[in-house]
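The values are calculated or read from the model by the stated rules, or taken from the named source; none is laboratory data. Predicted model, so just to flag it, every value in this text is computed and none were measured. Please note: Cβ atoms are built from the backbone with ideal geometry, for glycine as well, and neighbour counts cover all protein chains shown. What goes into the accessible areas is simple: the full protein's heavy atoms, side chains included, and nothing from ligands, DNA or RNA. Shrake-Rupley method; radii C 1.70, N 1.55, O 1.52, S 1.80 Å.
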Amino acid sequence: MCGFAGLITDSGKISNLASLVSRMADTLEHRGPDDAGTWVDADSGVALGFRRLAIIDLSSAGQQPMVSTSGRFTIVLNGEIYNHLQLRSELTATGAAPVWRGHSDTETLLACFEHWGLVSTLTKTAGMFAIALWDANERKMHLVRDRFGEKPLYYGWVGSGSRRAFLFGSELKAFRAYNGFDNAICREALAQYMRYMVVPAPRSIYKNIFKLEPGCLLTIQGSVTGCAPSQPLRPPVSYRNIKIKRWWALSDTLHTVAKQHITDEVEELEKLEQCLREAVRLQSQADVPRGAFLSGGVDSSMTVALMQQQASHAIKTFTVGFEDATFDESQFACKVAKHLGTDHTELLVTSAEAQKVIPLLPNIYDEPFADSSQIPTYLVSKVARQQVAVALSGDAGDELFGGYNRYFWGPRIWAKLAWLPYSMRQILGLAIRAIPIAGWDTLSRPINTLMNSGDRIVRVGEKAHNLSNRLHSVRNVDDLYLSLLSKWQDPARVVRGESSFNVSEPSSILDDELPADLFDNFENCALRMMYRDSMMYLPDDILCKVDRAAMAVSLETRVPFLDHRVAELAWRLPLNMKIRNGQGKWALRQVLYKYVPRQLIERPKTGFGVPIGDWLRGPLRLWAENLLDQNRLNAEGYFHSAPIHKKWAEHMSGKRNHTDSLWTVLMFQAWLETQ
């Protein structure tokens with residue numbers, strides 16, 4: 001795992017390319033504390049800078065930027081090619097293998113590019129990566145991102161006049177280190193952030209700087225220092241001397257596996273176990289100490305079980321627990337670790353210790369990011385880094401195997417709403433909202449007194465009003481999904497435009513058409529949500545969260561569930577092998593129960609969260625009130641203060657729980673302070 005930065009200028013305009021790109025790359029030292037390097041082609045106006053976290057081939061033979069044997073290609077690679085030894089064997093079999101200088105996956109990749117070409121090589125890889133590849137023969141720069149977006153890759157235009165340049169890199173802090181960076185905040189991106197609590201690709205929080213979407217290849221030939229595009233570039237597209245295409249697409253995979261009919265569940269479960277075992281085996285390889293995160297849930301327990309089974313010693317596992325029992329899952333992780341025989345480390349933190357992470361978040365995430373599980377993710381990464389340099393995680397199991405509550409509650413909600421005409425749903429929504437929250441709470445008390453304590457409904461009024469909002473805005477199942485995902489239901493009414501008017505919320509990847517004939521009926525409601533989560537929520541929230549938190553402490557994380565062969569197998573499984581009897585991850589559970597007793601796993605799903613809402617009413621109140629000060633918001637000019645202060649007052653009174661929407665504002669405000 002590493003970090004890189006690069007720039008392209010008009011030839012001869014800037015003379016100090018090496019020092020410029022070195023300064024940019026040095027901002028990424030946390031991603032690569034072990035080594036640094038630069039490479040410059042002054043005639044072409046191209047420069048590459050690299051920071052290395054040595055994981056495979058710790059010798060100087062693994063240093064980057066790396067030039068291929070023939071001198072044609074120069075590469076910087078952030079990530080890992082897990083099957084690179086297999087690729088070496090294939091090259092050797094063809095007689096095309098060079099005299100190897102070392103055993104790094106970067107060297108393997110360069111040799112493969114020489115022999116098979118860029119796209120053909122990419123399709124052979126199993127790995128996570130962001131790549132910048134300079135082709136000296138064709139005078140082209142290629143930027144590549146892995147299939148699911150595990151590794152970040154930004155690009156864009158900065159500066160003016162003689163300082164005008166096209167930049168690319170692993171994190172935005174490298175862009176800000178460029179002398180001449182003055183990009184303004186993109187208010188359209190801010191509107192999307194307010195809805196999703198992340199800035200989704202292809203936008204970034206800055207104008208003229210974008211994220212390369214997962215599975216994409218961007219190719220540059222010729223000058224690119226002219227005008228930036230007015231809108232983000234979406235593949236397939238050509239813009240001036242830039243072309244972007246998808247070298248891999250989930251939709252293509254789905255069309256292929258849709259033709260493969262499942263007739264034997266037992267056989268498929270055996271294939272799933274074998275595929276997962278191989279993914280864990282490959283991702284357990286490293287020349288440095290390695291371990292795994294363990295929450296005690298299905299996904300992390302599955303990863304740890306297979307990792308331990310294939311190890312000759314007790315593997316190291318890590319979990320973080322909290323003094324607030326509502327948010328503490330460490331006891332479950334400890335029981336699973338004991339059963340599997342791992343060398344387990346549990347970090348129990350107080351609220352005060354967790355809150356100390358908050359001032360670090362703007363620098364860690366580099367742009368506004370408001371998934372509050374970022375806090376425990378950072379803490380567990382920090383404790384793991386004290387013993388290992390690589391940690392496997394259970395991320396992506398929810399998206400692939402139907403783990404999120406919305407996958408089974410969403411269809412149930414829609415089934416109860418769909419029969420009503422939209423106009424009638426709007427009227428019903430207004431009627432529900434006509435009764436104040438306190439009124440609904442009062443009405444619910446007699447009913448709750450007749451129910452068992454575990455079955456009682458809390459915050460009835462708040463939930464009734466949330467239902468009212470959905471009845472008023474939901475036209476179809478895709479609207480319902482968007483509603484469930486949104487932290488602000490209408491962010492364009494909160495974000496101010498540059499002329500004080502409301503900003504127009506732009507379209508997102510979620511507006512892309514679904515693959516034809518695959519999700520065309522109600523029975524596929526959950527699958528529609530899983531597909532959309534894989535396209536945006538997974539790369540822009542889950543994977544971003546883990547990458548930035550872990551790399552902040554120089555820890556490499558790996559995600560076995562995102563081996564593309566595991567993902568393809570998961571998408572081949574019918575829905576009833578994922579969600580069965582109102583419970584998700586059925587297929588995964590059947591495999592896991594071979595290694596871990598059912599009673600250690602079966603419990604209601606909880607998020608990896610912290611009690612932010614309570615903190616805002618208590619120890620974080622003064623901090624939050626300072627960031628949300630009405631005069632301050634008005635002076636900064638990014639938000640209309642009235643709807644924010646309405647939510648704040650309701651939250652402080654205890655009438656509503658606006659934790660997610662308020663945290664979204666607060667994380668932007670905290671980030672803005674660092675600019």
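Scanning the range 83-101 for residues that are in a helix (DSSP H, G or I) and of a type in the set (D, E, K, R), we see that the one that is most open to solvent (accessible area, probe 1.4 Å) is 90.
Within the range 480-502, is there a residue that is small (Gly, Ala, Ser), over 20 Å from residue 147 (Cβ atoms), in a loop (DSSP other than H, G, I, E, B) and open to solvent by 20 Å² or more (accessible area, probe 1.4 Å)? Within the range 480-502 (the criterion being small (Gly, Ala, Ser), over 20 Å from residue 147 (Cβ atoms), in a loop (DSSP other than H, G, I, E, B) and open to solvent by 20 Å² or more (accessible area, probe 1.4 Å)), the answer is yes, since at least one residue qualifies.
Scanning the range 611-635 for residues that are out of contact with any Asp or Glu (no Cβ under 8 Å at 6 or more places or on another chain), in a loop (DSSP other than H, G, I, E, B) and either hydrophobic (A, V, I, L, M, F, W, C) or surrounded by 16 or more Cβ atoms within 10 Å (Cβ to Cβ) (or both) gives 620, 628. The residue that is most open to solvent (accessible area, probe 1.4 Å), among those in the range 657-675 that are part of a helix (DSSP H, G or I) and among the polar types (S, T, N, Q), is 659. Yes or no: the range 509-528 includes at least one residue that is open to solvent by less than 30 Å² (accessible area, probe 1.4 Å), within 27 Å of residue 668 (Cα to Cα) and at pLDDT 85 or above. Yes.
Has the range 391-403 got at least one residue that is polar (S, T, N, Q), open to solvent by less than 60 Å² (accessible area, probe 1.4 Å) and modelled with pLDDT of 80 or more? Yes: one or more hits. Out of 593, 638, one residue alone is open to solvent by 10 Å² or more (accessible area, probe 1.4 Å), under 30 Å from residue 265 (Cα atoms) and of a type in the set (Ser, Thr, Tyr). It is 593. If you filter the range 547-556 down to residues that are surrounded by fewer than 24 Cβ atoms within 10 Å (Cβ to Cβ) and in contact with a Phe, Trp or Tyr (Cβ under 9 Å, 6 or more places away or on another chain), you find that the one that is farthest from residue 151 (Cα to Cα) is 553. Restricting the range 102-149 to residues that are assigned to a loop (DSSP other than H, G, I, E, B) and under 26 Å from the mean Cα position of the chain (by Cα) leaves a set whose member that is nearest to residue 286 (Cα to Cα) is 126. The conditions of being surrounded by fewer than 16 Cβ atoms within 10 Å (Cβ to Cβ), touching a residue at least 40 places away in the same chain (Cβ under 8 Å), within 30 Å of residue 492 (Cα to Cα) and not acidic (Asp, Glu) are not met by residue 654. Of all the numbered requirements in (1) open to solvent by less than 20 Å² (accessible area, probe 1.4 Å); (2) in a loop (DSSP other than H, G, I, E, B); (3) without any contact (Cβ under 8 Å) to a residue 40 or more places away in the chain, residue 152 misses one, and that requirement is (3).
Among the candidates 304, 280, 288, the residue that is at pLDDT 95 or above and outside any helix (DSSP H, G or I) is uniquely 288. Hey, could you check the range 210-239 for residues that are hydroxyl-bearing (Ser, Thr, Tyr) and assigned to a strand (DSSP E or B) and say which is least open to solvent (accessible area, probe 1.4 Å)? Out of the qualifying residues, it is 219. No other residue among 305, 249, 258 is under 26 Å from residue 120 (Cα atoms), touching a residue at least 24 places away in the same chain (Cβ under 8 Å), open to solvent by less than 20 Å² (accessible area, probe 1.4 Å) and small (Gly, Ala, Ser) apart from 249. For the range 567-585, the set of residues classified as in a helix (DSSP H, G or I) and within 15 Å of residue 267 (Cα to Cα) consists of 569, 570, 572, 577, listed by residue number. Residues in the range 264-276 that are open to solvent by 70 Å² or more (accessible area, probe 1.4 Å) and within 18 Å of residue 596 (Cα to Cα) were compared, and the one that is nearest to the chain's Cα centre (by Cα) is 274. For the range 334-351, filtered to residues that are at pLDDT 95 or above and of a type in the set (A, V, I, L, M), the residue that is most open to solvent (accessible area, probe 1.4 Å) is 340. Within the range 123-142, being open to solvent by 10 Å² or more (accessible area, probe 1.4 Å), under 29 Å from residue 558 (Cα atoms) and among the polar types (S, T, N, Q) holds for one residue alone: 123.
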